[in-house]
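The values are calculated or read from the model by the stated rules, or taken from the named source; none is laboratory data. Everything numeric in this text was worked out from a predicted model, so none of it was measured. Neighbour counts are summed over all protein chains in view; Cβ atoms, including those assigned to glycine, are modelled from backbone coordinates with ideal geometry. Only protein heavy atoms, including side chains, enter the accessible area calculation; ligands, DNA and RNA are left aside. Shrake-Rupley method; radii C 1.70, N 1.55, O 1.52, S 1.80 Å.
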Amino acid sequence: MELNDKLFEDARFYNKLIAIVLSKEDFISQRIKGTPLERKVFPVHKDPEEYPDYLVRVTRGVIPAISLITPDLELVGIIESNDPDYSIGSLKDVVNKFEAGKITPVKIPEYAPEPLEPSEASIYDAMNKVIDGVAADFRVVELISAVSKIEKRYPIVHFIKPQDEIASYLLGKGEPGEGFSVYEAVKVIKGDHDVLEDYIEKEGKVYRSKKKENWGILVDESIAGYALLLKYMRQGKSSFLDRATEIKDFIKRNLETEKGFRDTIVKDPLTRLTFLEPLANAEASIFLSALWQATGDEEVRKMALKALGIATVRSDYLGVAARIAHSLLRLNHGILTSKPGNYNDIRIMLNEKIECDFKQGDVCKSKLEDFNGLEPDE
């Protein structure tokens with residue numbers, strides 16, 4: 001059963017609720033089949049890894065979860081448990097209380113905060129949080145590695161605490177996982193073999209996983225686009241830049257709003273609710289700032305700044321702060337090169353239009369290492 005317009009119309013017609021089951025396995029549908037509960041709810045199972053766009057709208061981030069909603073997009077209740085028997089018993093109880101008028105549903109809110117001005121304080125805030133022992137995701141690891149080389153006052157940090165398997169992989173420990181486009185994109189970032197293009201179709205459509213069920217999620221689009229730009233920088237093949245530009249066009253066409261960028265394409269009544277997720281916008285700002293470096297397109301720079309405005313709403317969160325820092329390093333301290341190569345510096349991007357080896361602002365130099373610190377030499 002899909003969360004499409006027809007399901008919501010049927011639920012309204014039959015006076016049913018919709019139970020969104022967010023778990024790896026569907027532990028509800030078969031167990032309520034033929035019971036009185038089946039006449040009162042439509043169960044819809046979704047894998048939360050495959051459908052994070054549902055997860056952020058109807059849960060507190062805890063899984064497994066059953067989120068009970070009305071056809072008018074009102075939240076009746078959330079049941080969080082690993083025990084199927086408890087979950088079904090609780091579901092029956094919530095439905096009965098709702099029918100008896102003892103539960104007042106709450107409208108599922110949209111999220112479109114007012115943008116804020118980004119600050120380069122995010123660079124040092126992210127560094128200090130890691131030094132204080134806050135767990136680091138893969139973008140934090142990437143930033144720490146780069147800044148410790150750029151700013152000599154920060155020694156290389158050996159005590160980074162990885163947040164997950166992707167961060168561990170960038171630190172040289174284990175593998176990142178399989179089956180999702182983000183894993184393949186991170187392999188590109190590290191420089192390992194990947195099959196990222198298997199997840200990308202024409203016109204910038206990026207699938208979340210090899211299942212090819214869900215697509216058009218801002219995080220996936222952005223990380224894939226950024227990975228293509230790294231391939232372009234390393235190999236100098238314009239086809240990678242062209243595909244990255246297609247992803248930018250997809251984001252602009254399908255996800256851009258007046259304030260920022262939606263977390264996902266609209267595919268049903270639930271995802272029609274606007275949700276400008278700060279971490280996703282922060283990820284988009286990295287991709288767009290790198291694309292601006294590669295092309296010099298002012299429209300792309302404005303898109304990057306728009307994404308940064310929403311990201312800055314949650315700059316207190318380490319993962320967001322690190323992404324803001326990465327983007328600002330490119331926008332404000334970026335280095336362009338005319339020479340393709342495998343550069344270990346998140347400020348740098350290939351731009352075939354420049355007429356010197358390396359350029360930062362108006363300063364040209366023959367060696368990348370001559371650019372020390374965050375400001376060009378006078």
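Quick notes
- Here is the figure for the range 26-79: residues that are open to solvent by 20 Å² or more (accessible area, probe 1.4 Å) and of a type in the set (A, V, I, L, M) total 7.
- Being over 19 Å from ALA11 (Cβ atoms) and either in contact with a His (Cβ under 8 Å, 6 or more places away or on another chain) or of a type in the set (Val, Ile, Thr) (or both) holds for only one residue in ILE79, ILE63, and it is ILE63.
- PRO71 closer than 20 Å to LYS107 by Cβ and in contact with a helix residue (DSSP H, G or I) (Cβ under 6 Å, 6 or more places away or on another chain): yes
- When each of SER289, SER285, SER315 is tested for being open to solvent by 10 Å² or more (accessible area, probe 1.4 Å), under 23 Å from ALA126 (Cα atoms), of a type in the set (Gly, Ala, Ser) and touching a helix residue (DSSP H, G or I) at 6+ places or on another chain (Cβ under 6 Å), the lone residue that passes is SER315.
- When ILE20, ILE78, ILE66 are screened for being outside any loop (DSSP other than H, G, I, E, B), at pLDDT 95 or above and under 25 Å from LYS210 (Cα atoms), only ILE20 passes.
- Cβ-Cβ under 6 Å pairs, at least 6 apart or on other chains, the range 100-129 side open to solvent by less than 60 Å² (accessible area, probe 1.4 Å), far side of a type in the set (Asp, Glu): PRO105/GLU74
- Residue-level analysis places LEU308 outside the set of residues that are surrounded by fewer than 22 Cβ atoms within 10 Å (Cβ to Cβ), under 23 Å from the mean Cα position of the chain (by Cα) and touching a residue at least 40 places away in the same chain (Cβ under 8 Å).
- Unmet criterion (only one of (1) closer than 26 Å to ILE131 by Cβ; (2) surrounded by fewer than 14 Cβ atoms within 10 Å (Cβ to Cβ)) for ILE189: (2)
- When PHE287, PHE250, PHE261 are screened for being aromatic (Phe, Trp, Tyr) and touching a Phe, Trp or Tyr at 6+ places or on another chain (Cβ under 7 Å), only PHE287 passes.
- When SER239 is tested against the conditions (1) modelled with pLDDT of 95 or more; (2) part of a helix (DSSP H, G or I); (3) under 16 Å from the mean Cα position of the chain (by Cα), the lone failure is (3).
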